[in-house]
Amino acid sequence: MDKTACVGRLKPGGIYRVKDALTIPGGKGVNVARALKTLGLEAVIAGFTSGHNGRWIEEKISEEGFTGLITRHAAGESRVCYSVVDELGCPTDFNEEGPAVPYAAQKRFLEKLSAAAKGFTAAAVCGRVSKGLKKNFYLRLTRALKKAGCFTVLDTGVEALREGLAAGADAVKINKSEFEEISGAGFSRKNAGLFFKKYSPRGLKALIVTDGPRSSAAVSQSGRWEIRPARLKALKSPVGAGDSFMAGFIYGFVNGLAFEAALKLAAGCAASDCLSLGAGIISRKEALAFSDMVKVIRR
């Protein structure tokens, strides 16, 4: 459950009467699906829920028009994440830990997803890794998707990334700090190229490393690219911009766009997300307009 509130200035010890607030189902996967729907592509949301919060999340997902491939368990409450955004668009996040997922629920989830995956074209495996997931959960998950012929893109924790890469993930979209953690090297176009070279024999076809409002880097089988985002005159909240980037990239892949065009659309979606309160909330018209302002340079 994502709760986002706007305040003028955030100071420790203050009391705030919040007039502009939003409560919606969240998590990176939900955010990606929400942006994909705005672009015109239907998405199935898969994941775990628990407790009263979990029932609320399932109801709201359905109200938004999504199909849910949800595995419910009884271990505690689905977590709540709070974002407090100030007048400059700077978010302060308070994220609950969430319950450990029982092994039986993990097994049911993988069985359900394996059975449904044959109907998918692409999958975004993303978000913080839930507590309690067994070793090789993401390896098994990625293998199931790949076996079904699904183009699989990862944006998750480092250990989960390693498992997904070992299982032959097609693409990875991570931020600068995540890249430095998993690679053990500073972020540069050269190091991104070396990382891609290491994992391309296992099936990696694209690596994208974002860096907030600064230029992003991408590596594919056809070369290296720099992505210069559109300049924004205002900022509502950057929370979820990376998820909307993922949505734009997947939309581009599913619709057969060239790699460069998919990157432009992805950056355009991220820019549109920055102008809204709430993650994965974009304007299709706005995203397309911003994508025309994005510069993708082959290096």
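The values are calculated or read from the model by the stated rules, or taken from the named source; none is laboratory data. Being a predicted model, the structure only gives us computed values, none of them experimental. Cβ atoms come from the backbone with ideal geometry, glycine included; neighbour counts cover every protein chain shown.
Every residue, every condition in (1) at pLDDT 95 or above; (2) out of contact with any Leu (no Cβ under 8 Å at 6 or more places or on another chain), yes or no:
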position	(1), (2)
Ala166	yes, no
Lys173	yes, no
Phe179	yes, yes
Phe187	no, yes
Lys190	no, yes
Leu194	yes, yes
Lys198	yes, yes
Pro201	yes, yes
Leu204	yes, no
Original post:
If you take the residues in segment 114-163 that are in contact with a Cys (Cβ under 6 Å, 6 or more places away or on another chain) and not in a strand (DSSP E or B), which one is farthest from Glu77 (Cα to Cα)?
Top reply: Phe120
**OP:** Please find, within segment 75-113, the residue that is surrounded by the most Cβ atoms within 10 Å (Cβ to Cβ) out of those that are over 21 Å from the mean Cα position of the chain (by Cα) and in a helix (DSSP H, G or I).
**Re:** Ala105
**OP:** Sort out which residues of segment 93-122 are out of contact with any strand residue (DSSP E or B) (no Cβ under 8 Å at 6 or more places or on another chain) and under 19 Å from Gly149 (Cα atoms), and write them in order of number.
**Re:** Leu110, Glu111, Ser114, Ala115, Lys118, Gly119
**OP:** Filter segment 207-248 down to residues that are under 21 Å from Asn191 (Cα atoms), touching a helix residue (DSSP H, G or I) at 6+ places or on another chain (Cβ under 9 Å) and of a type in the set (Ser, Thr, Tyr) and give me whichever is surrounded by the fewest Cβ atoms within 10 Å (Cβ to Cβ).
**Re:** Ser222
Original post:
Which of the following residues is surrounded by 15 or more Cβ atoms within 10 Å (Cβ to Cβ), of a type in the set (Phe, Trp, Tyr), under 30 Å from Glu87 (Cα atoms) and in contact with a helix residue (DSSP H, G or I) (Cβ under 9 Å, 6 or more places away or on another chain): Phe259, Phe290, Phe187?
Top reply: Phe290
Original post:
Of all the residues that make up segment 266-296, how many are under 15 Å from the mean Cα position of the chain (by Cα) and of a type outside the set (Gly, Ala, Ser)?
Top reply: 5
**OP:** Count, please, the residues in segment 228-250 that happen to be polar (S, T, N, Q) and more than 19 Å from Glu260 (Cα to Cα).
**Re:** 1
